[in-house]
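Participant: Dumping the structure here so I can ask a few things about it.
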Amino acid sequence: HIDIHYNTNATVDVLSLDKSWLWNDFGRVDIAFSIDNVGKRFEYERYGADWDEANNIIDGIHFAKDLDTPNITTQLCFTINIQNVYYLDELLAWADTKGFGSIYFNMLHSPDHMSVQRMTPAAKELVLDKLKTTFWKSDKYQQEINNLITFIENGPGSDGQEFLYKMKRTDVYRKQNFMDTHPEIARAMGYDS
């Protein structure tokens, strides 16, 4: 009658923890995947992570659930921030192919410079236009998208300077370029200037 819960960003295979053989003895095994973006953007945001490997880990959990551990439940939990807000349609389209038991929209509040409430006017316009005009495959996302739109609209905005400073500093350290993987939102935040 005991449940166990894991949070993972899919960079470590929880099936390889040498304890998964005990899972059938639990009431429920809940595995929450923290995946904020897809493809090369995932790899940029989770520096050092591999997108194909993360997908294999997620697919392995779903395979185990279907095969011999029916008490596993899975969840996608992503944190909406400046880096991923413009690409939510792609993240949700991917999520629809994975069969997660539930999907949780988490709003980033801190650090301030990464919050969608602190976007530049150009980024805010770009993102709101996309959020308001994208056809969401499932009505189950519409209320969350409406809440996100309100959250952005009620934000104070910013000139983006703190975001730019910290992103460029991180890119120099990692030898990456935000513009390479996130060109639309990078431009709207003034990254190319």
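The values are calculated or read from the model by the stated rules, or taken from the named source; none is laboratory data. The model shown is predicted, which means the values in this text are computed figures rather than measured ones. Because the Cβ atoms are built from the backbone with ideal geometry, glycine has one as well, and the counts that use them run over all protein chains shown. These accessible areas exclude ligands, DNA and RNA; they are computed on the full protein's heavy atoms, side chains included. Shrake-Rupley method; radii C 1.70, N 1.55, O 1.52, S 1.80 Å.
Participant: Any residue at all in the range 136-151 that's polar (S, T, N, Q), in contact (Cβ under 8 Å) with a residue 24 or more places away in the chain and in a helix (DSSP H, G or I)?
Facilitator: Yes, the range 136-151 contains a residue that is polar (S, T, N, Q), in contact (Cβ under 8 Å) with a residue 24 or more places away in the chain and in a helix (DSSP H, G or I).
Participant: Any idea which of (1) at pLDDT below 95; (2) open to solvent by 10 Å² or more (accessible area, probe 1.4 Å); (3) under 18 Å from Val12 (Cβ atoms) is the one Glu45 doesn't satisfy?
Facilitator: (1)
Participant: Then there's this: Picking from Gly99, Gly157, Gly190, which residue would you name as being part of a loop (DSSP other than H, G, I, E, B) and either within 17 Å of the chain's Cα centre (by Cα) or at negative phi (or both)?
Facilitator: Result of the check over Gly99, Gly157, Gly190: Gly99.
Participant: Anything in the range 7-26 that is open to solvent by less than 60 Å² (accessible area, probe 1.4 Å), modelled with pLDDT under 85 and among the aliphatic types (A, V, I, L, M)? List them, or say none.
Facilitator: Answer for the range 7-26, where residues must be open to solvent by less than 60 Å² (accessible area, probe 1.4 Å), modelled with pLDDT under 85 and among the aliphatic types (A, V, I, L, M): Val14, Leu15, Leu22.
Participant: Is there a residue in the range 99-118 that is in contact with an Asp or Glu (Cβ under 6 Å, 6 or more places away or on another chain), modelled with pLDDT under 95 and closer than 30 Å to His62 by Cα?
Facilitator: No, the range 99-118 contains no residue that is in contact with an Asp or Glu (Cβ under 6 Å, 6 or more places away or on another chain), modelled with pLDDT under 95 and closer than 30 Å to His62 by Cα.
Participant: Out of curiosity, is Tyr141 closer than 22 Å to Ser102 by Cβ and hydroxyl-bearing (Ser, Thr, Tyr)?
Facilitator: Yes.
Participant: Could you tell me which numbered condition Asn81 fails, if it satisfies all but one of (1) out of contact with any His (no Cβ under 8 Å at 6 or more places or on another chain); (2) farther than 26 Å from Thr170 by Cβ?
Facilitator: Unmet for Asn81, out of (1) out of contact with any His (no Cβ under 8 Å at 6 or more places or on another chain); (2) farther than 26 Å from Thr170 by Cβ: (2).
Participant: Also, quick follow-up: For the range 132-167: of the residues being modelled with pLDDT under 95 and closer than 24 Å to Gly190 by Cβ, which is most open to solvent (accessible area, probe 1.4 Å)?
Facilitator: It comes out as Lys132.
Participant: Suppose we filter the range 109-131 for residues that are small (Gly, Ala, Ser), touching a residue at least 60 places away in the same chain (Cβ under 8 Å) and under 15 Å from Gln83 (Cβ atoms); how many remain?
Facilitator: Of the residues in that region, 1 qualify.
Participant: Ok, one more. Residues being surrounded by 13 or more Cβ atoms within 10 Å (Cβ to Cβ) and under 18 Å from Tyr87 (Cβ atoms): count how many of those fall in the range 172-193.
Facilitator: Qualifying residue count, the range 172-193: 14.
Participant: Can you work out which of the residues in the range 48-87 that are of a type in the set (A, V, I, L, M), assigned to a helix (DSSP H, G or I) and free of Cβ contacts under 8 Å to residues at least 60 places away in the same chain is surrounded by the fewest Cβ atoms within 10 Å (Cβ to Cβ)?
Facilitator: Within the range 48-87, the match that is surrounded by the fewest Cβ atoms within 10 Å (Cβ to Cβ) is Leu67.
Participant: Next question, about the same structure. Can you tell me which of Ile31, Ile4 is among the β-branched types (Val, Ile, Thr), in a strand (DSSP E or B) and open to solvent by 20 Å² or more (accessible area, probe 1.4 Å)?
Facilitator: Every option except Ile4 fails the conditions.
Participant: State whether one or more residues within the range 61-77 are of a type in the set (A, V, I, L, M) and under 30 Å from Asn177 (Cα atoms).
Facilitator: There is at least one residue in the range 61-77 that is of a type in the set (A, V, I, L, M) and under 30 Å from Asn177 (Cα atoms).
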